[in-house]
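The values are calculated or read from the model by the stated rules, or taken from the named source; none is laboratory data. Values in this document were obtained by computation on a predicted structure and should not be read as measured data. Neighbour counts are summed over all protein chains in view; Cβ atoms, including those assigned to glycine, are modelled from backbone coordinates with ideal geometry.
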Amino acid sequence: HWDRINRPEQLMTACINAIRVLTDPADTGAVTLCLPQDVQGEAYDFPDYFLRKRVHRIERTPPTDEMLQSALQLIQSKKKPLIICGGGVRYSEAAEKLKAFAEAFDIPFAETQAGKSAVISDYYLNVGGVGETGCLSANLLAKEADLVIGIGTRYTDFTTSSKWIFQNPDVVYLNINAARFDAYKLDGVQVTADAKKTLEKLTALLHPTGYRAQWGERIAEVKKLFAEELHRVYHATYTGKDFIPEVEDRLDRESVFDEFIKLTGSSMTQSRVLGILNETLDDTAVIVGAAGSLPGDLQRTWQSKGTDTYHLEYGYSCMGYEINAALGVKIANPEREVYALLGDGSYMMLHSELVTSIQEHKKINVILFDNMTNGCINNLEIGHGMDSFGTEFRFRNKETNRLDGRFVTVDFAMNAASYGCKTYKVTTEEALYAALADAKKQTVSTLID
């Protein structure tokens, strides 16, 4: 919602509309009220009633009996249902109702980026992230499911792998969503209602039927396969000239890796760093991410050890969101450690709230993955038939007049230290463990480069 305030009295209507949007479960979003400087300078006698206390309720829309009966009939007609746990499960505070529903009927569930950490990762029916950036266990079951129960999900292209991941020829969809727009997706049966209310009623109605999903040992099998894959990915280390990265493209790896190692003295892989973070961070710590290859790696691998500990903006893969959002998370959860995970490109795009965190005495921790490149876009460029074009941070070459000189090295730790942060330069696993341990003891914001 966006509104330009040309006269002070407009605020009375604009503010009411702002709260309307912010408290709408289906149509909520960011609100901007734009006040030009000349309007800011005007005086106005606002009536007393405008300033009185108001109660704004976020209502839970219950499902109709007809919606519930349609859902009930559909579930009973299928043998291998798979739940997609979307952000709506978290917004509705429906995680415990989801677990009760899944347990009662032996139904596994996968997670979207927004739904991740509604339930901890090692819960026996949680098969992890699903879709294009999902994990092995969830995607194996997604291909076999004959019913997909989407709860609070928008079915984005990443979640559905552009409508490819659900490959059972008899698959159909049951969509539980507060927004009619999303409830109608994939031509599914629509339950346009609150997730928590719907799960409560569906559980009560389905229980007497004796229904059970027929996955058998398949859930445990795919979780075991994923555990093996997770160990492999989290322990991937650079082995020299024979090293093949997870994303294998036409990059001149030998030359680029040699140059990077000579400049930095480091050869740590991103997935190994994530493994150390996942092992080390407190169960209640919140990680924040948004752009580059990190959201894909995190949805695929990150094991949420506590609830509501995973905050990823992936609707628009918004570079620069990470540090600013981390401050917001810290304000909302002052007792938790908060970690912003981002690349050097995102840091240079926007990190202004790092200074604000110092001003406000709100400690956040920044984990900066410096590869001297907008690496994700660089991979996509090379992988789609062109050469690297402006995505590596290189000096302009006077001979070629192109940005193909040596890498530009930036001391991000020094930059953050100038703001008042406690900073660390890390090039080895041992140094990373030590930096993480020390960062926990700090009372000011930290940055590990």
Restricting to region 214-267, name every residue that is at pLDDT below 90 and charged (D, E, K, R). Lys241, Asp242, Glu246, Glu248, Asp249, Arg250, Asp252, Arg253, Glu254
Out of all the residues in region 93-122, which are out of contact with any helix residue (DSSP H, G or I) (no Cβ under 7 Å at 6 or more places or on another chain) and of a type in the set (Ser, Thr, Tyr)? Ser117, Ser121
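Residues are listed down the side, and each one gets a yes or a no for (1) over 26 Å from the mean Cα position of the chain (by Cα); (2) surrounded by fewer than 15 Cβ atoms within 10 Å (Cβ to Cβ):
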{"residue": "Gln10", "(1), (2)": "yes, no"}
{"residue": "Cys15", "(1), (2)": "yes, no"}
{"residue": "Val31", "(1), (2)": "no, no"}
{"residue": "Ala43", "(1), (2)": "yes, yes"}
{"residue": "Leu51", "(1), (2)": "yes, yes"}
{"residue": "Pro63", "(1), (2)": "yes, no"}
{"residue": "Met67", "(1), (2)": "yes, no"}
{"residue": "Leu74", "(1), (2)": "yes, no"}
With the structure loaded, tell me whether Ile261 is part of a helix (DSSP H, G or I), in contact with a strand residue (DSSP E or B) (Cβ under 9 Å, 6 or more places away or on another chain) and either under 30 Å from Gln73 (Cα atoms) or free of Cβ contacts under 8 Å to residues at least 60 places away in the same chain (or both) or whether it fails that test. no
Residue satisfying condition, being part of a helix (DSSP H, G or I), β-branched (Val, Ile, Thr) and either over 22 Å from Ala435 (Cα atoms) or touching a helix residue (DSSP H, G or I) at 6+ places or on another chain (Cβ under 9 Å) (or both), within set Val256, Val247, Val288: Val256
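Every residue, every condition in (1) more than 30 Å from Thr443 (Cα to Cα); (2) surrounded by fewer than 21 Cβ atoms within 10 Å (Cβ to Cβ); (3) not assigned by TED's automatic domain parsing to the domain that holds Ser293, yes or no:
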{"position": "Gly320", "(1), (2), (3)": "no, yes, no"}
{"position": "Ile331", "(1), (2), (3)": "no, yes, no"}
{"position": "Gly343", "(1), (2), (3)": "no, no, no"}
{"position": "Thr373", "(1), (2), (3)": "yes, no, no"}
{"position": "Gly385", "(1), (2), (3)": "yes, yes, no"}
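When you scan region 345-362, how many residues do you find that are surrounded by fewer than 21 Cβ atoms within 10 Å (Cβ to Cβ) and either free of Cβ contacts under 8 Å to residues at least 60 places away in the same chain or not β-branched (Val, Ile, Thr) (or both)? Explain how you work it out, then say what you get.
Just the residues of region 345-362 that are surrounded by fewer than 21 Cβ atoms within 10 Å (Cβ to Cβ), to begin with: 348-350, 352, 355-356, 358-362.
Going one step further and asking which of them are either free of Cβ contacts under 8 Å to residues at least 60 places away in the same chain or not β-branched (Val, Ile, Thr) (or both), we end up with 348-350, 352, 356, 359-362.
Number satisfying all stated conditions: 9.
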Anything in region 254-292 that is on the phi > 0 side of the Ramachandran plot and within 29 Å of the chain's Cα centre (by Cα)? List them, or say none. Gly292
Which condition number in (1) assigned to a loop (DSSP other than H, G, I, E, B); (2) within 30 Å of Gly188 (Cβ to Cβ) is the one that Val21 fails? (1)
Could you identify the single residue in Val148, Val130 that is more than 23 Å from Asn278 (Cβ to Cβ) and either assigned by TED's automatic domain parsing to the domain that holds Asp297 or in contact (Cβ under 8 Å) with a residue 40 or more places away in the chain (or both)? Val148
Looking only at region 155-170, count every residue that is surrounded by fewer than 19 Cβ atoms within 10 Å (Cβ to Cβ) and assigned to a loop (DSSP other than H, G, I, E, B) and tell me the total. 9
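Within region 230-253, does at least one residue satisfy the condition of being more than 26 Å from the chain's Cα centre (by Cα) and within 30 Å of Pro63 (Cα to Cα)?
Here is the first cut: in region 230-253, the residues more than 26 Å from the chain's Cα centre (by Cα) are 238-244, 250-253.
Then drop every residue that is not within 30 Å of Pro63 (Cα to Cα), which leaves none.
No: zero hits.
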Identity of the residue in region 271-285, touching a helix residue (DSSP H, G or I) at 6+ places or on another chain (Cβ under 8 Å) and either among the hydroxyl-bearing types (Ser, Thr, Tyr) or modelled with pLDDT under 95 (or both), that ends up surrounded by the fewest Cβ atoms within 10 Å (Cβ to Cβ): Thr280
Just checking, which of Thr198, Thr192 is under 21 Å from Pro108 (Cβ atoms), buried (at least 20 other Cβ atoms within 10 Å of the Cβ), in contact (Cβ under 8 Å) with a residue 40 or more places away in the chain and of a type in the set (Val, Ile, Thr)? Thr198
